[in-house]
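This report concerns only the one structure given below.
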Amino acid sequence: MSRNTRTRGARRRLHVALTTAATLTAAAAIAGPAHANFSAVSPVLLVSGHPFSYTDPTGLSLELCINDPGCPASPPVLENQAPNDEAFYQLASSTATDGAKEATIDFNLEAAFLAGPITFGRIQATFHGLQPNQEYTVTHPYGVSHFTTDANGELIGRVRAGQREEIGGAENDFATALNTTIGPFLRWTGDTAPAGYTGDGVTPHTVDGSPTGTNSIRVSGPGLPPVETNAATGEVTGGLFSDLFTVEGKIAGPPPPPSAFSSLSTTSLSFPARRADEASVTRSVALRNTGQVPLTVNSVSTTSGEFTASGCSAPVAPGSSCLVTVAFVGNSGVGDRTATLNIASNAANNPNMSLALSASITGAATRVIDNTQPATTVIQRIGVLGAAASQRVQPADRSSAVSGLSLSRRMSVTRLRAQGLRVSMRLKPGTKTVRMAIYRARNGKKTGRAVFTTTRTARAAGLYRATLRGRTLTRALKPGAYVIEVQGGRSAASLSAVRRFAFTVTR
C-alpha cells in the first residue's frame, strides 16, 4: 500500500513542535509493552475506526494523515473502499542506485482495512537490475533484513510475501503494531522540515531516528561492490547505498473528543418476489457502533408506506450492534417497488444513514365463488401482468468474471510514483487469474498497443484489490488519457470478456 502533494503554513523549529506534540498526546495514550518499538497508541478513534496517533520512545507522536496538503499521500477521506482505503502515520522510503541496479526500501506505519480497520508496521523492498534468484542483505535504520530476487533479478509488487516484513494487521487490534520493527519515527535532520511535520513527503533528505544511528540503507549481495570497512577511518563502502529519505508524517495535535461511529452491515435489502396475497418476509440490517461512546438511534423510517421498519430502540454500546428489521407489506398492484430506509443517530461520522430497499409483486389472487354448487372456493393464481420492457428484469451479464471495476479517475504523476495505481474489482467464484492492460486513450477509447500489462493470481472470489507500481509503470504513464482493461478467468488461457475503466494522469 503507498504515498503523495504539499506544504503547510508558517515554519518554526522542529524541536519545539516535537515537545508540544508529546505533551498533548501523553495523557491520551495507552502504553505498550516494554520491548515495543513504539511506546503508545492513542485510545481515541477516528471516524474510520483507527487510532488517532502512535507515539515512539522519544515522545514523538504522529497522527494519521487524512486530507492534509502537508502529507502528499493522504487520502481525502479514509474509508473501506478503494482508492481511499489506506493512510499513514509514517511514510518513509529511500532509494539507492548504481547504473541499472536499484533498490527502494519503505518504512511505513499504516492504517487500512480488511473487513474492519487495521494498523501495521511494514518494511518493504523493491529491487531492479540485480542477479536472479539471489539473496540480498539490507542494512537500514531499524536493523538488517534479507530479501531474495525473482528469476528476472527483480523484487516487485506482485511478490508481496517475499518483499515485506509486517507486524500487526488484525482487525480492531491496534496494540500489536507497537511491536513493529519500525521505530522511532524518522524525521528530517536540522530544523528545515515544514512546521508540524517530520518531512514534506516529496524531497529526499537526510534523517534522524534510527535507534542504532544507522540513518541510511545499504544493500549488499551478489553482483554488487563488496562492502568494506576502512580499518583506519571506520568508513564503510560498497553495495547500494543512500542516506536520503523521503519522509511524510504529521506531528500530533490535540486528539478529537470520543464519539459514536456507525456502520451498516449492507448497503441494500432485497425482498423475494411474491403474490399480493402472500405473507411478507422480513429482512434485517446490523447497525454497529465502532466509536467510543454509546450510539443513540433517534429514528428509523422508510420513504414508502409499503415498507415498515423497527428496531435499535436502546443505546448501542461501543463495539456492539443492533438490528433494524424491515418488512415489505405492500399488497396491491403488480410490479417493482423501491424505497429507502433512513436511520438517524448521534453518530459523528454519519448521523443520517440510508439503505436501498427493493421488492416486487408478481401477481394477484382471485377468489371465485360458484353459487350453483355446494360452497367451494377456487384460487386462481395470476402470473406477471404485462410489464413494460423497461420494467422487466434483465438477465445478468455472465460473460465477464470481473465486475465493479474502480480506480481513481485522475492522478498526478507525483502521486502515481509514490502511491502506485490502486485498482479495485469484484471477482466471480472460480476466478484465479486477473490480467490488467493499460492503453493510451483518445475520446475514451484505447489506441495502439498496451503500454503496461500485468497478470495477477487471485486467492478468492469477491472483493479483489491490486496496487500497480514500479519503474516500468511510471515510465509508461506520462500525463494524458488512458484506459485500463481487466479480464479474469480460471487461467490465462480462459479469460473472460473485458471490463474497461478510463482515467487520466496529470502533471
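Taking region 398-435, which residues are open to solvent by less than 20 Å² (accessible area, probe 1.4 Å) and among the aliphatic types (A, V, I, L, M)?
Answer for region 398-435, where residues must be open to solvent by less than 20 Å² (accessible area, probe 1.4 Å) and among the aliphatic types (A, V, I, L, M): Ala401, Val402, Leu407, Met411, Leu416, Ala418, Leu421, Val423, Met425, Leu427, Val434.
For Ser360, work out the one condition from (1) in a strand (DSSP E or B); (2) hydroxyl-bearing (Ser, Thr, Tyr); (3) open to solvent by 40 Å² or more (accessible area, probe 1.4 Å) it doesn't fulfil.
(3)
Among Ala125, Ala151, Ala111, which is the only one that is assigned to a loop (DSSP other than H, G, I, E, B) and either of a type outside the set (S, T, N, Q) or out of contact with any Gly (no Cβ under 9 Å at 6 or more places or on another chain) (or both)? I'd like the intermediate steps shown before the answer.
Details: Ala125 fails: assigned to a loop (DSSP other than H, G, I, E, B); Ala111 fails: assigned to a loop (DSSP other than H, G, I, E, B).
Going through Ala125, Ala151, Ala111 in turn, the sole match is Ala151.
Condition check ((1) out of contact with any Ser or Thr (no Cβ under 8 Å at 6 or more places or on another chain); (2) of a type in the set (Ser, Thr, Tyr); (3) at pLDDT 95 or above) across all residues:
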| site | (1), (2), (3) |
| --- | --- |
| Tyr136 | no, yes, yes |
| His140 | no, no, yes |
| Gly157 | no, no, no |
| Gly162 | no, no, no |
| Glu165 | no, no, no |
| Asp191 | yes, no, no |
| Pro194 | no, no, yes |
| Asp208 | no, no, yes |
| Pro226 | no, no, yes |
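For Gly291, all conditions in the list (1) assigned to a strand (DSSP E or B); (2) buried (at least 19 other Cβ atoms within 10 Å of the Cβ); (3) modelled with pLDDT under 90 hold save one; what is the number of the exception?
Only one criterion in (1) assigned to a strand (DSSP E or B); (2) buried (at least 19 other Cβ atoms within 10 Å of the Cβ); (3) modelled with pLDDT under 90 is unmet by Gly291, namely (1).
Out of region 77-92, which residues are at pLDDT 95 or above and in a loop (DSSP other than H, G, I, E, B)? Outline the logic, then answer.
Filtering region 77-92 for residues at pLDDT 95 or above gives 86-92.
If the condition is that a residue be at pLDDT 95 or above and in a loop (DSSP other than H, G, I, E, B), then Glu86 is the only one that fits.
Would you confirm, using the coordinates I've provided, whether Val483 is within 26 Å of Glu154 (Cα to Cα) and of a type in the set (A, V, I, L, M, F, W, C)?
Numbers: within 26 Å of Glu154 (Cα to Cα): no; of a type in the set (A, V, I, L, M, F, W, C): yes.
Considered against the rule, which asks whether it is within 26 Å of Glu154 (Cα to Cα) and of a type in the set (A, V, I, L, M, F, W, C), Val483 comes out as no.
Taking region 14-60 only, how many residues are open to solvent by 20 Å² or more (accessible area, probe 1.4 Å) and modelled with pLDDT under 80?
19
Those residues that are open to solvent by 40 Å² or more (accessible area, probe 1.4 Å) and polar (S, T, N, Q), I need them from region 179-213; list them, please.
If the condition is that a residue be open to solvent by 40 Å² or more (accessible area, probe 1.4 Å) and polar (S, T, N, Q), then Asn179, Thr181, Thr192, Thr203, Thr206, Thr212 are the ones that fit.
Just to verify a result, which residue in region 471-493, among those that are part of a strand (DSSP E or B) and among the hydrophobic types (A, V, I, L, M, F, W, C), is surrounded by the fewest Cβ atoms within 10 Å (Cβ to Cβ)?
From region 471-493, those part of a strand (DSSP E or B) are 480-489; that's our starting set.
Subset that is among the hydrophobic types (A, V, I, L, M, F, W, C): 481, 483-484, 486.
Values: Ala481: 17, Val483: 20, Ile484: 23, Val486: 26.
Across region 471-493, the extreme among qualifying residues is Ala481.
I want to confirm something. Restricting to region 306-335 and keeping residues that are assigned to a strand (DSSP E or B) and under 19 Å from Ala273 (Cβ atoms), which single residue is most open to solvent (accessible area, probe 1.4 Å)? Break it down stepwise before answering.
In the first step, residues of region 306-335 are kept if they are assigned to a strand (DSSP E or B); the result is 307-311, 316, 321-328, 335.
This time we only want the ones that are under 19 Å from Ala273 (Cβ atoms), so: 307-308, 326-328, 335.
Numbers: Phe307: 7, Thr308: 64, Val326: 1, Ala327: 17, Phe328: 2, Gly335: 22 Å².
So, considering only residues that are assigned to a strand (DSSP E or B) and under 19 Å from Ala273 (Cβ atoms), the one most open to solvent (accessible area, probe 1.4 Å) is Thr308.
List every residue pair whose Cβ atoms lie under 7 Å apart, where the two residues are 6 or more positions apart in sequence or sit on different chains, the first residue falls within region 455-484 and is on the phi > 0 side of the Ramachandran plot, and the second residue, located anywhere, is surrounded by 18 or more Cβ atoms within 10 Å (Cβ to Cβ) and among the hydrophobic types (A, V, I, L, M, F, W, C).
Pairs found: Gly462/Leu427; Gly470/Ile156; Gly480/Val505.
The values are calculated or read from the model by the stated rules, or taken from the named source; none is laboratory data. These figures come from a predicted structure and were not determined experimentally. Cβ atoms come from the backbone with ideal geometry, glycine included; neighbour counts cover every protein chain shown. Quick note on the areas: whole protein, heavy atoms, side chains included, nothing else; ligands and nucleic acids left out. Shrake-Rupley method; radii C 1.70, N 1.55, O 1.52, S 1.80 Å.
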